[in-house]
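In what follows, a structure is listed as structure tokens, so that the remarks can point back to it.
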Amino acid sequence: MRYNYESHEKQFKKLFVGWYKNSLRSKVLSFTKGSKILDVGCGEGMYMSKLDKNSVVGVDMDDSVLLVAKKYGATVKASADKLPFKDNTFDSVYCSEVLEHIEEPKGVCIELNRVCKIGGRIIIAVPNDILSRICRFFLLKFPLRYPGHIHALWVKDIVNYMGKKPIHIDYAFSRLFPLATIVVFEK
């Protein structure tokens, strides 16, 4: 019997990525509070799918992913740096694995803060760029920076963009080798 490396590689990636995405989603959502929640960069609604359909609004720039996401709640086509909502609208605002794709992440952070209610929470998650590059190197995936990632963001960058201290920092899955970092702020 011949060993099918490609098949096993695909299965491993599917299992690992599924585990990573589900685990990160659970961690991010554990920090939300209130009944009005905004998902900035919602994609196909992976996070929205675990919330009450009447409590969540997803924002993305891609029409095709919004068509999928709308089965989990309200969706709006908009840019993350120009959110079409009034000030102090949402109890929780989260932005998971989005800022590294944005030219000007500070503008997005300002918007997240603007639309969050006073006393509400802003949750930002970013992947570990160094660990991602190491994995891509060993998997012989080039370029080493994940395609579409413009920035490598760290806690200090996010804190600087938000202009305030976080109430919680979670190094997802391991403090020594975190796959992602979740930074939680209170407005």
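What follows draws every value from the coordinates through simple rules; no lab data is involved. All values reported here derive from a predicted model rather than from experimental measurement. Backbone-built Cβ (ideal geometry, glycine too); neighbour counts: all protein chains shown.
Percent relative contact order of region 48-91, based on C-alpha pairs within less than 8 angstrom and at least six residues apart? Please report the intermediate quantities before stating the final value.
Values: 53 pairs, mean separation 16.1, N = 44.
Relative contact order comes out at 37 percent.
Which of the pairs 70/165; 71/165; 21/71; 71/156; 27/106; 27/86 have their Cα atoms more than 30 Å apart in this structure?
Where the Cα-Cα span goes over 30 Å, the pairs concerned are 70/165; 71/165; 71/156.
Give the long-range amide H neighbours of residue 74: residues separated by 5 or more places, or on another chain, with amide H under 5 Å away, using H modelled in the peptide plane at 1.01 Å from N.
Amide H to amide H, under 5 Å and 5 or more residues apart or across chains, residue 74 pairs with 56, 58.
Fully extended, how many nm does the chain gain between residue 79 and residue 152 (0.36 nm per residue separation, minus their Cα-Cα distance)?
Value of the extension gain: 24.2 nm.
Where does the charge balance sit around residue 66 when Lys and Arg score +1, Asp and Glu -1, over other residues with C-beta under 13 Å from its C-beta?
That sum, taken over residues with Cβ under 13 Å, equals -2.
Can you sort 177, 85, 90 by how many other beta carbons sit within 10 Å, fewest first?
So the residues, fewest neighbours to most, are 177, 85, 90.
Spin-label point model (7 Å from Cα, Cβ direction): what's the residue 186 to residue 62 distance in nm?
3.6 nm
Using unit Cβ charges (K, R positive; D, E negative) and no other charged atoms, how large, in debye to the nearest 20, is the dipole of region 28-186 about its Cα centre?
300 debye
Using the number of other C-beta atoms within 10 angstrom as an exposure proxy, rank 161, 94 with the fewest first.
161, 94
Starting from the Cα of residue 118, step 7 Å toward the Cβ, then list every residue of region 85-112 with an amide N under 16 Å from that point.
87-91
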